[in-house]
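Here the structure comes first, spelled out in structure tokens, and everything after it is commentary.
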2 protein chains.
Amino acid sequence: MKARIKITLKNGVLDPQGKAIANALGALGFDGVGDVRQGKYIEVELDDTNRASAEKTVKAMCEQLLANMVIENYSFELEDA
Amino acid sequence: MKARIKITLKNGVLDPQGKAIANALGALGFDGVGDVRQGKYIEVELDDTNRASAEKTVKAMCEQLLANMVIENYSFELEDA
């Protein structure tokens, strides 16, 4: 089973990397660009084939390692291999 | 309109960051973890309300700035604001 995890900064947390991208897009001539936010995307292959237990595992992974719960949110999708 | 862009390393490109995550998950006691790949996730707000032209814009953004087409792939979804 494959987990596709998105980790994003919480609303209100300053995102200088996103601002840099927005400025660079403006400099390249892209108009009408509003807010840009950068996050992380992580794909994890799991041996587990049970959806419920895989969900629990990925949740624990995010909370213990992958996301900083003080400033980040996470969401994920599971996909059968 | 909001674009949700995922940028991932192409298959075969070495991903030391992903390997580090896989090792750290193992050290934390998560078993059955296979390959881990890390990519980027970017959200861009666009003033454009036309789906076809927004799609063209986001494609150009990815190819010109956001993704390194030599080693990375991109995919994106558009969402009406």
Query raised in the report: Does B:Leu66 satisfy the condition of being over 27 Å from A:Met61 (Cα atoms) and under 11 Å from the mean Cα position of the chain (by Cα)?
Result: yes
Query raised in the report: If you scan the stretch A:1-27, which residues turn out to be at the interface with chain B (Cβ under 7 Å from one of its Cβ atoms) and either farther than 15 Å from B:Ile7 by Cα or at pLDDT below 95 (or both)?
Result: A:Ala24, A:Leu25
Requested in this report: Please go through the stretch B:39-54 and pick out each residue that is touching a Leu at 6+ places or on another chain (Cβ under 7 Å) and over 28 Å from A:Val44 (Cα atoms).
Outcome: B:Arg51, B:Ala54
Query raised in the report: Going through the stretch A:2-34 one residue at a time, which ones are at positive phi and either surrounded by 12 or more Cβ atoms within 10 Å (Cβ to Cβ) or in a strand (DSSP E or B) (or both)?
Result: A:Gly32
Query raised in the report: Would the stretch A:50-58 turn up any residue that is within 22 Å of B:Thr8 (Cα to Cα), in a strand (DSSP E or B) and more than 7 Å from every other protein chain (Cβ to nearest Cβ)?
Result: no
**Report entry** Residue ID - modelled with the lowest pLDDT, chosen from residues in the stretch A:28-49 that are over 24 Å from B:Lys19 (Cα atoms) and more than 7 Å from chain B (Cβ to nearest Cβ)
**Finding:** A:Asp31
Query raised in the report: Does A:Leu66 satisfy the criteria of being touching a helix residue (DSSP H, G or I) at 6+ places or on another chain (Cβ under 6 Å) and either in contact (Cβ under 8 Å) with a residue 60 or more places away in the chain or within 17 Å of B:Arg37 (Cα to Cα) (or both)?
Result: no
Query raised in the report: Which pairs do you get when a residue that is farther than 29 Å from A:Ala67 by Cβ, found in the stretch B:31-60, comes within reach of a residue that is in a helix (DSSP H, G or I), reach meaning Cβ atoms under 8 angstrom, with the pair 6+ apart or on two chains?
Result: B:Asp48/B:Ala54; B:Asp48/B:Thr57
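The values are calculated or read from the model by the stated rules, or taken from the named source; none is laboratory data. On a predicted model such as this, the values are computed, not experimentally measured, just so you know. Counting neighbours? That spans all protein chains shown, and the Cβs are built from the backbone with ideal geometry, glycine included.
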